[in-house]
1. Have a look at C:R126, C:R266, C:R104 and tell me which one the Gaussian network model of chain C (Cα, springs below 10 Å) gives the largest fluctuation.
2. Which FRET efficiency value, to the nearest 0.05, do you get for B:D116 and D:A47 by plugging their Cβ-Cβ distance into 1/(1 + (r/R0)^6) with R0 = 35 Å?
3. Please state the shape class of the stretch C:5-117: rounded when a/c is under 1.5, otherwise prolate if a/b exceeds b/c and oblate if not, all from the C-alpha gyration tensor.
4. Using a cut-off of 13 Å between beta-carbons, work out the net charge of the residues near D:V53 (Lys and Arg +1, Asp and Glu -1, D:V53 not included).
5. Angle check, please: helix A:102-114 long axis (alpha carbons) against the longest principal axis of chain A (alpha carbons), in degrees 0 to 90, nearest 10.
6. With a/c under 1.5 counting as rounded, go ahead and sort the protein assembly as shown into rounded, prolate or oblate using the C-alpha gyration tensor (a ≥ b ≥ c being the square roots of the eigenvalues; past the cut-off, prolate if a/b is larger than b/c, else oblate).
7. With r as the distance between the Cβ atoms of B:N276 and A:K322 and R0 = 41 Å, compute the FRET efficiency 1/(1 + (r/R0)^6) and round to 0.05.
8. Tell me the Kirkwood hydrodynamic radius of the stretch A:126-196 in angstroms, computed as one over the mean inverse distance between distinct C-alpha pairs.
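Quick note: the coordinates plus some simple rules give every number you see, no bench work behind them. The structure presented is a predicted model; accordingly, all values stated were derived computationally and were not measured. Don't worry about glycine lacking a Cβ; one is built from the backbone with ideal geometry, like all the others, and counts go over all protein chains shown.
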4 protein chains.
Amino acid sequence: MTQQIRVGLFGTGRIGQVHAMSLATLEEATLTWVCDPYLEGAKRTAAEFGGRVSDDPAEVFASGEVDAVIVASPTATHVELIEQSIDANIPVLCEKPVDLEIARVDALRAKAAAADVPIALGFNKRFDRHFVELRRRVGAGEIGALEQLIITSRDPGEPPAAYLPQSGGIFRDMTIHDLDMARYFLPDIVEVSARGANVFSESIREAGDFDSTVVTLRGSNDELVTILNSRHSAYGYDQRIEAFGSTGLLQVANKNDSLVRHWGTRSVEGTSPYQNFFLERYAEAYRLEVAEFLRAVRGLPSRSPGFEDGRAALVLADAAEKSARTGAAIAVDLSA
Amino acid sequence: MTQQIRVGLFGTGRIGQVHAMSLATLEEATLTWVCDPYLEGAKRTAAEFGGRVSDDPAEVFASGEVDAVIVASPTATHVELIEQSIDANIPVLCEKPVDLEIARVDALRAKAAAADVPIALGFNKRFDRHFVELRRRVGAGEIGALEQLIITSRDPGEPPAAYLPQSGGIFRDMTIHDLDMARYFLPDIVEVSARGANVFSESIREAGDFDSTVVTLRGSNDELVTILNSRHSAYGYDQRIEAFGSTGLLQVANKNDSLVRHWGTRSVEGTSPYQNFFLERYAEAYRLEVAEFLRAVRGLPSRSPGFEDGRAALVLADAAEKSARTGAAIAVDLSA
Amino acid sequence: MTQQIRVGLFGTGRIGQVHAMSLATLEEATLTWVCDPYLEGAKRTAAEFGGRVSDDPAEVFASGEVDAVIVASPTATHVELIEQSIDANIPVLCEKPVDLEIARVDALRAKAAAADVPIALGFNKRFDRHFVELRRRVGAGEIGALEQLIITSRDPGEPPAAYLPQSGGIFRDMTIHDLDMARYFLPDIVEVSARGANVFSESIREAGDFDSTVVTLRGSNDELVTILNSRHSAYGYDQRIEAFGSTGLLQVANKNDSLVRHWGTRSVEGTSPYQNFFLERYAEAYRLEVAEFLRAVRGLPSRSPGFEDGRAALVLADAAEKSARTGAAIAVDLSA
Amino acid sequence: MTQQIRVGLFGTGRIGQVHAMSLATLEEATLTWVCDPYLEGAKRTAAEFGGRVSDDPAEVFASGEVDAVIVASPTATHVELIEQSIDANIPVLCEKPVDLEIARVDALRAKAAAADVPIALGFNKRFDRHFVELRRRVGAGEIGALEQLIITSRDPGEPPAAYLPQSGGIFRDMTIHDLDMARYFLPDIVEVSARGANVFSESIREAGDFDSTVVTLRGSNDELVTILNSRHSAYGYDQRIEAFGSTGLLQVANKNDSLVRHWGTRSVEGTSPYQNFFLERYAEAYRLEVAEFLRAVRGLPSRSPGFEDGRAALVLADAAEKSARTGAAIAVDLSA
């Protein structure tokens, strides 16, 4: 393919910047439009990474200058922008979640299923090469049958209080990544149990949300998945997965930036805390996520998660929320 | 104290042997009676470790030759032997569980509470010096406030099919140790959720039991405890604890018998699988458990868990069983 | 500084390519000339990274289009190209070694010392951020006074037999990097002892060279440095440093590309072998090496090693060779 | 064998106590005589571990009540006590070194070679099960041909100044253990190079000794062995071996008493410093050393090192001293 894919970007916040940077490193694509209702943001991004600017998505779709779009705007805009992409027959990579309301997602579901263009969801962890290696080795039978999966995910620090009300709650905002990771290994989850707690954050408590959660999922072959979340972590971003199988165990450890270890009179073998946050830990994964989407755009086989994956993660997050509130395990049918 | 404590032992199975051996290494005690309805077993143990033999507990209590007893006989005999110890005013160390029926335990509860003699429960993990170190350092504030506790406990292989019907099920037989460990850190557990699964063992399924379980407990300050259990583990006995707090994390890793690591063309840094099973992993803990009981016998301050700890673990195990069967989180009140 | 530094590159072999790639990622520089007597190589490099081509260094120096040059051509050309750079008053970054003959290096020494332009030597390990962190922490007193330094350096596989005669021998070709690393920590080395062996390679033996060596250096404060070298390593590129001091120890471990570890029935905790070779292990260091040289070109403070460092490493390599051949420890005076 | 081996012990200092304790745990032996010119010491040891006391070795040999003797008295007495054992036809286990003077050792050599009874030398490291495992796996070909061996040995703290003059110097006192370990893997050492330094201890310098040393040995197949020694170590007893071979690497790591690791805001993955000193680190090895000697006494195959091993270690230590003083590599012929 000699022609570059022309990409339009919606949203120029933190994650929009990340995608713009990824595009800049990918030879097969070029950023042609940058769209944000906050036009100054669009201008700054375009100045650095190229493209024309707009505060109106319709202008972008109508320009005839985009072969694909990336949606990194606020969650509330996702459904509409996906729908416009489908209508314009333009492939779209949309940040998670599809929406905070499953009803709005379901309203789009049939149309998304019938769409002729790729609809990819931005679950970046699926593109981390360590998790990919883990998935590949589990699939290759290195630990026999997968029986238990333990996903630990703790953010360095809680989000700003102002963000909490629009976050959709910890399950839809943070756990949703781990729920999708669970489905990366075990797509057919049939049951969700969850417990939430308030152990450290007054602002999270006031927002009616949990700061710490434990989720237990059941796969269709009775596998058990445990997701351990906390909104803070004193020692840095804690991102681990342990896959326990009938013949062994595979783990992805935390990533340490430093190879230096220290031996002293009071402690030995210690090293530096983990990389600060997801932009550093998953920098390469974000790039691969966009690259994989571009493969789909070009009609090549692609392992990008799609609309149904986005919906499934939200269904699981909703079930987790319901379980945490009621104390009851919730049966789910993702294929329904 | 110049006089040795004269100890009577009930039960000469695997764990009875362990206690006899511990007594042999402890200068402050001597084994004076060995009692087992299977008299040959009693004779063999007495031949190796000393003591007179009997197949009748009444004979032991009436002998006037025991200052303390250790109960390592089948679970069904525990309640009665504890009661006889109380009646005889003789300190008793009883293996877990007190009984498989909470009603029988509760029937003894008031008497146990009013007893003038120490009643110690055999939760060996409380005496493992690594878990003790972990507990001490958590208590010393090294990780701030304890927020999450993750206990991983996987046995090397499933128990014999014949044992399963009398085991009381995985929660009362295996998880009960971890439920007690949870209470070692957070005595006041207020809620139990559990999920059970059948992923590998046909015989366990046929016995109506689970081979894999995940339990989530809630402490009275909203701490979340997760217990991960499996009845088998290809790489050896898997015994880990992770304590997550507001300012850090402490872990107890698996114990490796070998200091040798290998680097080759296909794998590097690998070492040998973990010690085979609890008799090896907890050898020292079993000895300290008896030593600590002997301190109580001598009227010294002792940190042996007591009757209420034994009852609490069973209450939690029952709640876990009920939760796993119904899907509902179960509120518990251990002080009731 | 708004103007880009125009760089001329001599040599388009493996390491020349690396430098061209580094320049491409550094905004402050642009590749303007690519020079190689093998003109096809120069053309290929220029096609990818830009610049005009030549097979004659004089043309490059005379062009008026280079503010700095990078010398990545064969060792035999280094002295002459450095001299021409000095004469042209153009800063130069030259790959190690300056030359295989100390006499030729010494002949240039006074001129280099008097030169008005920066002369940087390509000791890439000095720019590895883990070694830099180690050096910084040793310097900050984290291990008290440095007493012992152990540098392990084992290449994945031996060089082609055809390369051996021109290599200058293992001390001048391979150990020289570690000799410079020793001086990164202890610039004033006063004594060199070395033992060489032939344990695995027939072709190296036939070339009259060693395949395995151990070098012991003495610093001016009686510190002992040990360098362990092998021309092969079954488990990948082995690059470690251990700094032992009066109050502790600091280590740089090998770099592992994968965060995945495996637990099985025969081995546990194993991970994948180390990155294949220096281009991968030191990719970032090579880029920083050029960046640091560009700082010197711009007149900024720079920590690039210079001509005297290049000479010192060769003096030490010569002494190691002599010691290995004679069995005698060799006193050296690097300041002489 | 129903009869116990009756053992006489010479010397009741620290190491004599260790051997007495080992004998107490070994069913096949009983301590019958305890001999020390300081009779109070003998009495204290006999009170704890049994046996008659004497301050005269002749009395012990003449008693007819010893089937074997253990020599743990000062070095200066070793040669004479070994000789008396041979004359009395009584097996002897003698602490290292045989003597500080090779002439005195050589004077006994022919007689020792002709002796009908086992003469075992107390090189405890040969009985550490991790080093034994390493040796076994190297021998089994797990790393192909052994090419390099690196032995790190650093004591927690320097010996008392008063001990230094009688120590024989670091090579004969401390390095000698590592020289024997080298021979455990490569019995036929042909060359010794050594460098010594004074980096931290004024009292060691005043005694004319080194506080830090590096020794390089050459095996008969050109293998290179490096021994790294320091008389102090801030982080505890540092005892490591790395065996590098044609197809891989095997390491024995330091032994850590604690399984607990800590993650905090400034350091992660740290654990506690290493066990304090050789009595703890090699407790089990000392016991196995005596057990293995008892096998020899009973005429069973035994892997106890013998007189020639003791002599060889001293020859290497002497050569190391000479090399460190002269700067020359010293050829040795251990079979001469």
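1. C:R266
2. So, using R0 = 35 Å, E works out to roughly 0.30.
3. Here the stretch C:5-117 falls in the prolate category.
4. Taking every Cβ under 13 Å from that of D:V53, the sum is -4.
5. 60
6. Details: a/c = 2.58, a/b = 1.08, b/c = 2.38.
It is oblate, given that a/c is not under 1.5 and a/b is not larger than b/c.
7. Working: r = 43 Å, r/R0 = 1.06.
In this case the efficiency is close to 0.40.
8. Final number for the Kirkwood radius of the stretch A:126-196 is 14.3 Å.
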